[in-house]
1. Does residue 28 satisfy being in contact with a Gly (Cβ under 9 Å, 6 or more places away or on another chain), of a type outside the set (Lys, Arg) and modelled with pLDDT under 95?
2. State yes or no: is residue 94 closer than 23 Å to residue 131 by Cα, in contact with a Pro (Cβ under 9 Å, 6 or more places away or on another chain) and not in a helix (DSSP H, G or I)?
3. Give the residues of region 80-91 that are surrounded by 18 or more Cβ atoms within 10 Å (Cβ to Cβ) and either on the phi > 0 side of the Ramachandran plot or more than 13 Å from the chain's Cα centre (by Cα) (or both), sorted by residue number.
4. Limited to region 17-35, what total is found for residues that are open to solvent by 50 Å² or more (accessible area, probe 1.4 Å) and either under 19 Å from residue 163 (Cα atoms) or not in a helix (DSSP H, G or I) (or both)?
5. Filter region 172-182 down to residues that are surrounded by 12 or more Cβ atoms within 10 Å (Cβ to Cβ) and in contact with a helix residue (DSSP H, G or I) (Cβ under 8 Å, 6 or more places away or on another chain), then give me how many there are.
6. Looking for something open to solvent by less than 10 Å² (accessible area, probe 1.4 Å) and either in a loop (DSSP other than H, G, I, E, B) or β-branched (Val, Ile, Thr) (or both) - is there at least one such residue anywhere in region 61-79?
7. Residue 14: open to solvent by 70 Å² or more (accessible area, probe 1.4 Å) and outside any strand (DSSP E or B), yes or no?
8. Answer yes or no as to whether residue 124 is in contact with a helix residue (DSSP H, G or I) (Cβ under 8 Å, 6 or more places away or on another chain), modelled with pLDDT of 90 or more, closer than 16 Å to residue 148 by Cβ and surrounded by fewer than 21 Cβ atoms within 10 Å (Cβ to Cβ).
Amino acid sequence: MTATDNQDVANIPALLNRLGRRTVVFVGLMGAGKTVIGRKVAATLGLPFIDSDHEIEDVSRMTIPDLFAAYGEEEFRALERRVIARLLKEGPQVLSTGGGAFMSAATRQAIARRGVSVWLKADLDTLMQRVAKRQNRPLLQAEDPRAVMQRLMEVRYPVYEEADVTVRSRDEPKEVIAAEVMTSLARFLAEGREVRKPAP
């Protein structure tokens with residue numbers, strides 16, 4: 001991180017002013033760190049943090065796995081679209097979304113209008129190491145979860161590339177990744193251009 005980057009991160013009032021009423025929206029696959037990094041960024045910016053999956057569970061009074069089991073993925077995605085569209089009207093804030101949310105063209109359009117999207121891009125090994133710690137991943141209830149995750153990456157990564165900002169999620173302290181997000185956000189908002197390429 002350069003001295004200029006440090007100045008960008010330190011100038012939080014300027015970043016917030018440029019953000020305005022928009023929401024910082026984290027997108028990416030399960031295990032990418034959207035909630036952990038999102039919370040850290042929200043705390044740094046002094047903004048509320050919202051997890052769309054938690055909001056969906058509150059609205060439906062069901063867990064995400066139970067929603068999948070009872071209604072199927074299509075109905076779950078419809079509910080997800082409605083909840084995220086409502087949440088985007090409540091900015092400024094930091095919003096973590098479910099792995100499949102950004103696949104909806106309607107949701108991508110809503111985020112483009114009312115938010116700044118941040119893709120946390122992680123490799124397969126990193127994702128599998130993280131999701132192995134939790135057993136509540138409906139899409140990974142399969143004989144070969146790694147193959148399922150690989151397929152999700154192949155399908156979703158080209159769409160995630162439409163995000164305004166890309167930051168590589170990896171085995172580093174959350175403070176490091178969050179700082180990189182802040183730097184990329186500051187640059188994107190200051191220059192009005194897309195910052196998609198992760199650091200090498």
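The values are calculated or read from the model by the stated rules, or taken from the named source; none is laboratory data. These numbers were taken from a predicted model, which means no experiment stands behind them. Note: ideal-geometry Cβ built from the backbone for every residue, glycine included; neighbour counts use all protein chains shown. Quick note on the areas: whole protein, heavy atoms, side chains included, nothing else; ligands and nucleic acids left out. Shrake-Rupley method; radii C 1.70, N 1.55, O 1.52, S 1.80 Å.
1. Taking the combined requirement at face value, the residue does not satisfy it.
2. yes
3. Those that are surrounded by 18 or more Cβ atoms within 10 Å (Cβ to Cβ) and either on the phi > 0 side of the Ramachandran plot or more than 13 Å from the chain's Cα centre (by Cα) (or both): 80, 83, 87, 88, 91.
4. Residues meeting the conditions: 3.
5. So the answer is 6.
6. No.
7. no
8. Here the answer is yes, as residue 124 does meet what is asked.
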